[in-house]
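Trainee: Okay, handing you the structure first.
Please treat every number below as a calculation from the coordinates, not as lab data. Please read these numbers as outputs of a predicted model, since none were measured by experiment. Cβ coordinates were reconstructed from backbone atoms using ideal geometry, including for glycine residues, and neighbour counts include every protein chain displayed.
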Amino acid sequence: MFKSTLPLLRRSFSTTGNVHTYRVINGRPEGVFFKWVSEKSGREHNVDSPLEALLGALAACEEITANFWAKKMGIDFRGLQFPRIEADLDTKSFVGDGVPAKFSEVRIEVHVKTSEGDEVVEELKKNVQEHCPVFNMIKQSGVEIKSNWKKEEIENCS
């Protein structure tokens, strides 16, 4: 189990067999780059986790892309929150056991702050996923991405 040293964003790490799941929970892209302690060795690693950095980059890139497309679409948009971003990695890939060295799946939960209807949120999601460079790099590497966008109700401040 790895533990975050930053209070802005909690994350966790779990293992089932050789498959490790990295999670970024209850946060936004800020503060995603972590130092971690290996529970197995007890050793502190004073480097950022590149796997979590990739998940943080995905969240940041989606938010930047969403801001651009919301302006282009002319919609009421107050931002995104990412209650959950997680990805699975089979650690056999590190030792050359014939397993691809990449995430097998990424799961994203996105809350969209808007007064717009569900169809507008779906159109925004489509635009973000078509134009977000980090999303597309991950997808084009053959990683399955499961992205669940939910509207977070707010009152329109016209």
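Trainee: What order do you get for 53-59, 148-154, 79-85 when each peptide is scored by the mean count of other beta carbon atoms within 10 Å, highest first?
Mentor: Taking the mean over residues of other Cβ atoms within 10 Å, the ranking is 53-59, 79-85, 148-154.
Trainee: Determine ³J(HN,Hα), in whole Hz, for all residues of the stretch 92-108 in sequence, where each value follows from phi through the Karplus function 6.51 cos²θ - 1.76 cosθ + 1.60 and θ = phi - 60°; x replaces Gly and Pro.
Mentor: Once θ is set to phi - 60°, the couplings for the stretch 92-108 become 4, 4, 6, 9, x, 9, x, 9, x, 7, 6, 4, 8, 7, 10, 10, 10 Hz.
Trainee: Report the label-to-label distance for LYS72 and GLN129 in nanometres (one decimal), using points 7 Å from each Cα along the Cα→Cβ vector.
Mentor: 1.7 nm
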